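In what follows, a structure is listed as structure tokens, so that the remarks can point back to it.
Just so you know, all these numbers are worked out from the coordinates, no wet-lab data involved. Owing to the predicted nature of the structure, the values given are computational and were not obtained by experimental measurement. Virtual Cβ from ideal backbone geometry, glycine too; neighbours counted across all protein chains shown.
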Amino acid sequence: MNQSSSDDWPVLARAGPSSVGSICSGSGAEGVCARHCRAQTPLPPDYEGGETMKKQLLFVAVIVTFILAGCAGRAAQPKTLKPITFQAAYLAQGNISFAAAYVAKEKGFFAEQGLDVTIEHSSPGGGEQLQRLAAKDIQFTTNTGANFVKLVAEQAPPFVAVSVLGQEGDHGILVLEDSGITKIGDLAGKRVGYKSGEAIEPPWLLAMLKEAGLDLKSVEMVTVGFDPRVVLPDYGEGRVDALQVFKSNEPDTLQRAGYKVEVFKPEDYGVHFLGQLYITHQDFIRDDPEMVRGFVRATLKGLEFILDPANANEVTDIVMKYAGKDADRGHNEFMWKTEAQYVTSKDTEAVGLGYVSNEAWQEMMNVMVEYGSIKEPVAVDRFWDPQFVQAVYKNGKLVWP
């Protein structure tokens, strides 16, 4: 891809009957130049018309010199890369959608797709990445399934998801292993903490309660912050019995502090939400589909690299390059390894990584409508364009480069 074609090379006009007219091809240029840009052997001085021929040969030699210089210059020219910006939706860390981009950058996958990608990050809760995408100051950012659908339903931004890495959601319900709570049904009469950033109780959590035969009257829902110690026995006032968590974050934090935990996952109760995804501006899809396709292909190549167990240490090294020397290596590795468990599904088996069916979106939206997260479902083709994922796979294999 992005190699010079024969049309890029100059065609030299013929300089007399003995001169060389050639087209220097970008494929095997040196061989073509060697074959077609070869000066003739000088003739003996007593040859009739020798002076005229000498002048012609001298002229040919000059032309050949220019041709060879041109071939060398073409070979030395670096491939021109298109500069774009990917801004992750949080601080630098091991989230799978961040890690796939980090790997694509560091392993040269973006460059192989003709892209010079600048990777930036966002302050927590600021939403600056969405503002910049709306202004087309950046080309890509990350989001999650339910949050993105809610954004589209309420604000109708000109954004489109082009690749879905998380085939299941990021959240779960955490309890201490010695709490006596062994299933969701045991939460009856208990205090359940959910993130203060949620406008309402998370629909996936309410759906889990329903699957266990409970409802909002069965439990006490409490808004909490992001400190997982709120579930510990000695926390004091405000303590909860169960806590909404990111499956790849708080469980590791508490386990590393010496506590044994259990995490109830929505998918284990038949509740399927979508996780991390890449979004772009609809104008980029219209005006530069090749750029969008290149980004999707490169990040999926990065994801394939991540999924190879032989690359685990290198993946963590790459993540830490972005997370910084003060970040905890073990925690960041736990993060990407946990999230890597949820990037495959029956949909990805049918097409490839990053793909999700319209039915999966619809299933999630039905739950969101049922529990008041959105008023009504949104047409899937309004915010999801699978063409790029579909284009980079053939018979289930990523086409590379």
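Summary of computed values
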{"item": "Region 171-269, dipole about Cα centre (Lys/Arg Cβ +1, Asp/Glu Cβ -1), debye to the nearest 20", "result": "40 debye"}
{"item": "Those residues of region 368-392 whose amide nitrogen sits under 19 Å from the label point placed on Lys217, 7 Å along Cα→Cβ", "result": "371-372"}
{"item": "Spatial separation of Cα centroids for region 93-166 and region 201-274, in angstrom", "result": "27 Å"}
{"item": "Potential lengthening between Thr80 and Thr182 on full extension [0.36 nm per residue; Cα-Cα distance subtracted]", "result": "31.0 nm"}
